[in-house]
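J.: Have a look at this one before I ask anything.
We did not get these values from a lab; they are worked out from the coordinates using the rules stated. Because the structure is a prediction, the values reported are computed rather than measured. Using ideal geometry, Cβ is built from the backbone for each residue, glycine included, and neighbour counts are taken over all protein chains shown.
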Amino acid sequence: MDRNRSEGTKNQVKGTAKELAGKMTGNKPKEAAGKVQKEAGKVQKAVGKASDQARSPR
């Protein structure tokens, strides 16, 4: 499994937590940063998945 997949998942979880914390406290910048981190995690996870598929024998 590519490292980007696990790191992407970790970033998604952290981003979701940060986004929820921002919503609960009314901190819009923190909420926005969480959304950005969550989306970056999705992209990173997709890169890792593509890398895994490229390495697997057909």
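J.: Aliphatic (A, V, I, L, M), surrounded by 14 or more Cβ atoms within 10 Å (Cβ to Cβ), in a helix (DSSP H, G or I) and out of contact with any Asp or Glu (no Cβ under 6 Å at 6 or more places or on another chain): which single residue out of Ala54, Ala17, Ala33, Ala46 fits that description?
T.: Residue meeting the stated conditions: Ala33.
J.: Within region 22-32, track down each residue that is touching a Lys or Arg at 6+ places or on another chain (Cβ under 6 Å) and among the small types (Gly, Ala, Ser).
T.: Matches in region 22-32: Gly22 only.
J.: Oh, and also: Residue by residue through region 20-30, note down the ones that are assigned to a helix (DSSP H, G or I) and not polar (S, T, N, Q).
T.: Leu20, Ala21, Gly22, Lys23, Met24, Lys28, Pro29, Lys30
J.: Filter region 1-14 down to the residues that are surrounded by fewer than 15 Cβ atoms within 10 Å (Cβ to Cβ) and not in a helix (DSSP H, G or I) and list them by number.
T.: Scanning region 1-14 gives a single hit, Met1.
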